[in-house]
Amino acid sequence: MPSLLNSLVIAFLSFSSIDLVSSQAPGTRFSHCLFTYNDTLYMFGGTVDWGAQAATNYFHSAQLPFSTLSTPWKPENINNAVPLQDPACVVEPSLGYALVIGGGNELKLQNPGIQIYNFKTKEWNESELKNTYFPTFPSELTKSIYRPAAVLLAPKLVFMYLGGFSETDRVPGSYLLDLGHTPWKWTAISRNSTQIIMTSPGLASSKGNAFIFGGFYHLNNSWPPSNDSYIYSQIYGYLPTPYTIPTTIADAVVGVLNDKLMVIVLETGSKIENQQMFVLPLDLSTMKLGIQTIPTGVPANTNNTLMRNRAGYVQLPGSDTIVIYGGVTSWPMGKTSSSMIAYNMTTGAWTTNVNIVKNIPSDQYQLAKVNGLDLENGSISGTTKSYDDPKSSNLSKDPTDTKKKDNLPTSTIIGILIGVIGGLGLLGGISAYIFFSLKKKRLPAEKMESMHVNNEVFTGL
């Protein structure tokens, strides 16, 4: 039974210029997101074609394993969900939730902020869940947020990196969402950091740090791509990277292969028609970029490996495989794709076989230091530092930062406290002795005698 919201959407669409598109499979799609849970691939939201937002067929699943040439899609429950374009999707596997963050809507529906899908009940935005855990959305995030990026930074900790759709609608900033707190808790990392925050960057995490690649700006109705790169550390904040990206990146998916990050560049921002996607490897143990390469093993339909804008993508959990679906050949008004392609990071080749093979050793390496800072232990000569804008020559502390300052050793603090308390006690004893000695001398003899009660003498407190 369709929800009231979905019924209103359908009624609205029947009187609008936006086509209502419905089918059992996603078909052509862009501005959507992919995510996985256990052995299932999911697709949410997006646009079927220009002017035709997916309004009823916007949530699908496919059971692994399968071939990209014949994907067993099936529609999933959409009751209480809101169809969106360009959201960020992230899964917290220990809780069994998928979070759909931000996004916009051609149907002009109110931005829901965060939507939650419960894998156990297969329901969206359950009232009990919302009443218990849903945090108050920060006021600057209540408008539509196009092309945000989000990643699980650590268990139950989500890192959000926000952009915007236009110069007026842009809400630059980055946030942490703590899912281990009741209710879930927002922490602002940086607000209005226009020099840092881009739309649609490549994003991945390793050992509690976020690695950010490229993205594009919104300036005077143009969308210049960037080759900027940053590292966000929970200890030090934003850091400039010791490597330089050799190309602009307008869209990318970043896979994690133990001590390597594989940046698959989906779009450079320049003319992308008939250009092949390519890969930039980053060695985390040295913080050095490798040579740009074009994957081998191009399938028979070579169009599947061409650059595209606003595709959906995801790395299968614990696996060396990345899946990419849909997108458009150029922006705006490019051809919309319905193709799926998979990239195997171990072999460096495209493949049509999609299966979760948990073959990645986790955290079996040491992160290289960045500008002398230890990203794993958070110390440099026993001190800690914090930065906000790495482009600034004066790296000042973010006023919203709550990280610990340099502290004295615990034993020293305890010693100081004992000394202070002992000193105060000694001064108090001396003062009391002098006070009552003087008082005793001033008392007449008969009054002193009257203080003998039951053979007990009270000479002080």
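The values are calculated or read from the model by the stated rules, or taken from the named source; none is laboratory data. Treat the numbers as computed from the prediction; the structure is a model and nothing was measured. A quick note on method: Cβ atoms are made from the backbone with ideal geometry, for glycine too, and the neighbour counts reach across all protein chains shown. Note: accessible area is taken over every heavy atom of the protein model, side chains too, but ligands, DNA and RNA are not part of it. Shrake-Rupley method; radii C 1.70, N 1.55, O 1.52, S 1.80 Å.
Computed values, structure above
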| item | result |
| --- | --- |
| Number of positions in the stretch 115-140 that are assigned to a strand (DSSP E or B) and touching a residue at least 24 places away in the same chain (Cβ under 8 Å) | 4 |
| Single match in Ser200, Ser190, Ser206 (criterion: under 24 Å from Val91 (Cα atoms), touching an Asp or Glu at 6+ places or on another chain (Cβ under 9 Å) and at pLDDT 90 or above) | Ser206 |
| Residues that are within 21 Å of Gly318 (Cβ to Cβ) and assigned to a strand (DSSP E or B), drawn from the stretch 28-55 | Cys33, Leu34, Phe35, Thr36, Tyr37, Thr40, Leu41, Tyr42, Met43 |
| Enumeration of residues in the stretch 56-78 that are part of a strand (DSSP E or B) and either within 16 Å of Val354 (Cβ to Cβ) or open to solvent by 20 Å² or more (accessible area, probe 1.4 Å) (or both) | His60, Ser61, Ala62, Gln63, Phe66, Ser67, Ser70, Trp73, Lys74, Pro75 |
| Residue under evaluation Glu267, criteria (1) open to solvent by less than 30 Å² (accessible area, probe 1.4 Å); (2) farther than 20 Å from Phe159 by Cβ; (3) within 21 Å of the chain's Cα centre (by Cα), criterion not met | (3) |
| Restricting the stretch 95-129 to residues that are at pLDDT 95 or above and among the small types (Gly, Ala, Ser), the residue that is surrounded by the most Cβ atoms within 10 Å (Cβ to Cβ) | Ala98 |
| Some residue of the stretch 245-255 being surrounded by fewer than 24 Cβ atoms within 10 Å (Cβ to Cβ), on the phi > 0 side of the Ramachandran plot and touching a strand residue (DSSP E or B) at 6+ places or on another chain (Cβ under 8 Å) | no |
| Conditions (1) in contact with a helix residue (DSSP H, G or I) (Cβ under 9 Å, 6 or more places away or on another chain); (2) open to solvent by less than 10 Å² (accessible area, probe 1.4 Å); (3) more than 28 Å from His60 (Cα to Cα); (4) among the aliphatic types (A, V, I, L, M): number failed by Leu282 | (1) |
| Residue in the stretch 330-338 that is in contact with a Leu (Cβ under 7 Å, 6 or more places away or on another chain), open to solvent by less than 50 Å² (accessible area, probe 1.4 Å) and in a strand (DSSP E or B) present | no |
